[in-house]
Amino acid sequence: MPAQVIQASDIPRTKSGKIVELAVRNIVHGLPVKNVEALANPDALDQFRNRTELRN
C-alpha cells in the first residue's frame, strides 16, 4: 500500500511504452535522471519535481 496517492496527468514512459519509476524517484529526491533521451515524454517528469506532498 503506498503512503500517498497523487494525481498526475502523465506518467513518464520509455519509447517502447514502459513506465519509468526510477526516473520519477530520482526527480522526487532531487537526483539527476540518467538517459532522459530514452523517454518518450520527458516533460512528464516536471510534474513530479518540487512537490511538497512528496517530501519526507
(message) Show me the three semi-axes of the equivalent ellipsoid for segment 6-56, from the C-alpha gyration tensor (sqrt of 5 times each eigenvalue), largest first, rounded to whole Å.
(response) 18, 12, 8
(request) Please state the charge dipole magnitude for the chain, taken about the Cα centre, from unit charges on C-beta atoms (+1 on K and R, -1 on D and E), reported in debye and rounded to the nearest 20. (result) 160
(message) Between ASN50 and GLU21, how high is the FRET efficiency from 1/(1 + (r/R0)^6) when r is the Cβ-Cβ distance and R₀ = 22 Å? Nearest 0.05.
(response) 0.75
(request) With runs of 4+ DSSP H residues as the only contributors, calculate the mean residue ellipticity of the chain at 222 nm using -39,500 (n - 2.57) per run, divided by the residue total and rounded to the nearest 500. (result) -4000 deg cm²/dmol
(message) I need ILE19, ILE11 ordered by Cβ neighbour count within 10 Å, fewest first.
(response) ILE19, ILE11
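Rule-based calculations on the coordinates, nothing more; no lab input. Keep in mind that this is a model prediction, so the values were computed, not measured. Ideal geometry is used to build each Cβ from the backbone, glycine not excepted, and the neighbour counts take in all protein chains shown.
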